[in-house]
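Remarks on the structure that follows.
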Protein chains: 2
Amino acid sequence: MKVQLQKVLPAEIERRSFEIIGEELGGIKLPADQEAVVKRVIHTTADFDYARTLCFSDGAVEQGIAALREGARIVTDTQMARAGISKPTLSVLGGEALCYMADEEVARAAKENGTTRAVASMEKAAVLDGPLIFAIGNAPTALVRLYELILEGKVAPRLVIGVPVGFVNVVESKELIRESGVPYIVARGRKGGSNVAAAICNALLYQAKPRE
Amino acid sequence: MKVQLQKVLPAEIERRSFEIIGEELGGIKLPADQEAVVKRVIHTTADFDYARTLCFSDGAVEQGIAALREGARIVTDTQMARAGISKPTLSVLGGEALCYMADEEVARAAKENGTTRAVASMEKAAVLDGPLIFAIGNAPTALVRLYELILEGKVAPRLVIGVPVGFVNVVESKELIRESGVPYIVARGRKGGSNVAAAICNALLYQAKPRE
């Protein structure tokens, strides 16, 4: 077989990709405020299921953008999600991305309390000052603990991006966060991931950043 | 709706997840050497499509494990893939994970040659000494340049993990690498990603590491 590459300039690839996504979404009408998020997640995964599974509390995108413009910090549950977030954009806005999974204090707390580092890292993040966005792409235990902390009045995230992936308590953890009363963007079902968490953060960041 | 969490100890979640994956794969019979890789990718994505799309050159898994046991370095095309690779396991084997996307020399070379950083980062990695594994989860341009470098005799990877995701030249870049003559693990079609690249590396690493 002769493989034939398409002639598309590197700088044009992203634009062309979003065109293809728009074409293939066809009849699916996305709400205007959600469109950039949904399309960026499909761009990151090539998985059109997300057009159906991503769900948003009312005004979640607008609230996330507003928080980022106030310099919100983004707390992730994996180094991978943190690595995928556009740091130049975030730093222009005065924010930063944090992950406490490799933190020694968190490792110690998890051991002492017989819990997971994911849980302990949420507890450490909950006491941070200033506006917070949580982006959970891996551990349902992190999302469940975050739900409890919200109900206990110990943290009030400006937005929770709840997109852990997997087979045990993943579906349930996302449904819990939808009942927490805080703004959310959730991928219902089993699918999600650190890449999805980062893609959602970036879709918000690109909208939040000042026009050049 | 009352959300009910399953009672599974954190330490049991991964084992239980792999059980569920095995059950749901049902009739699909995976070759013994490929099973751990395919299941780990499904564990990372909750996407059973990979049972169908992942393809392996003869002996690719065994060759990858052998290279890791010789201290192979893993070169990725994103910081995200690098972040997702199990560094403790890799370092026990004497390897390391490298990504040159943020390298200043690479940025300069890309600018001077009117190419992408993904392409320039492959050129920089090609001259590294010792056994190399490439894990490409994002940029088809990186995979295409790697194919050319292999054909030009400038690099001889011990394994290429070719799993970029997307809509432009992604499918084609993977088919090219399958014709390169080097051992490969490729996710045919549009799907893939940095998370998939890291998951494949980890599935190999967990098999390569010395028994405790």
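Once you order the gyration tensor axes a ≥ b ≥ c over the Cα atoms, which shape class does the stretch B:77-153 get: rounded for a/c under 1.5, otherwise prolate or oblate by comparing a/b with b/c?
Cα axes put the stretch B:77-153 in the prolate bin.
Just counting partner chain Cβ atoms within 10 Å, what average do the residues of peptide A:182-195 show around their Cβ? Spell out each step's value before the answer.
Values: counts 0, 0, 0, 0, 0, 1, 0, 1, 4, 3, 2, 10, 8, 14.
If you average over the peptide's residues, the count of other-chain Cβ atoms is 3.
Note down the net charge around B:LEU146, summing +1 for each Lys or Arg and -1 for each Asp or Glu among other residues with Cβ under 11 Å from its Cβ.
Values: positive: B:ARG145, B:LYS154; negative: B:ASP77, B:GLU123, B:GLU148, B:GLU152.
Every neighbour counted, the sum reads -2.
If you take every residue apart from A:VAL186 with its C-beta less than 13 Å away from the C-beta of A:VAL186, what net charge results, scoring Lys and Arg +1 and Asp and Glu -1?
+3
Using a cut-off of under 15 Å, list every residue of the stretch A:58-98 whose amide N is near the label point 7 Å from the Cα of A:ALA32 along the Cα-to-beta-carbon line.
A:59, A:61-62
At B:LYS124, label 7 Å along Cα→Cβ: distances to the other copies, nm, ascending?
3.0
Hey, got the average number of other protein chain Cβ atoms within 10 angstrom for residues in B:13-22? Write out the running numbers ahead of the final one.
Working: counts 9, 3, 1, 4, 4, 1, 2, 4, 2, 0.
Partner Cβ neighbours, averaged per residue: 3.
List the distances, in nm to one decimal, from the label point of B:GLU23 to the label points of the same position in every other copy, shortest first, placing each label point 7 Å from Cα along the Cα-to-Cβ direction.
Distances to the matching label points in the other copies: 4.2 nm.
Shortest first, in nm, what separates the label point of A:GLU35 from those of the same position in the other copies (7 Å along Cα→Cβ)?
4.8
Just to confirm the filter: which trypsin sites (Lys or Arg not before Pro) across the stretch B:136-212 are DSSP coil and have at most 15 other Cβ within 10 angstrom of their Cβ? Could the numbers behind the result be given before it?
Working: sites: B:ARG145, B:LYS154, B:ARG158, B:LYS174, B:ARG178, B:ARG188, B:ARG190, B:LYS191, B:ARG211; in loops: B:LYS154, B:ARG158, B:ARG188, B:ARG190, B:LYS191, B:ARG211.
Passing both the DSSP loop test and the Cβ count: B:LYS154, B:ARG211.
Mind checking the mean number of beta-carbon atoms from other chains within 10 Å of the Cβ atoms in A:45-52? Before the final figure, lay out each step's value.
On the way: counts 10, 13, 7, 0, 2, 0, 0, 0.
That works out to 4 on average.
What number of lysine-lysine pairs in chain B show an alpha-carbon separation below 15 angstrom, given a sequence spacing of 8 or more or placement on distinct chains?
Details: B:LYS29/B:LYS39; B:LYS87/B:LYS209; B:LYS111/B:LYS124; B:LYS124/B:LYS154; B:LYS174/B:LYS191.
Close lysine pairs under the 15 Å cut-off: 5.
Between rounded, prolate and oblate, where does the stretch B:41-208 land on the alpha carbon gyration tensor, with a ≥ b ≥ c its root eigenvalues, rounded for a/c under 1.5, else prolate if a/b exceeds b/c? Spell out each step's value before the answer.
Numbers: a/c = 1.41, a/b = 1.15, b/c = 1.23.
Cα axes put the stretch B:41-208 in the rounded bin.
Just so you know, all these numbers are worked out from the coordinates, no wet-lab data involved. Note that the structure is a prediction, hence the values are computed from the model and not measured. Note: ideal-geometry Cβ built from the backbone for every residue, glycine included; neighbour counts use all protein chains shown.
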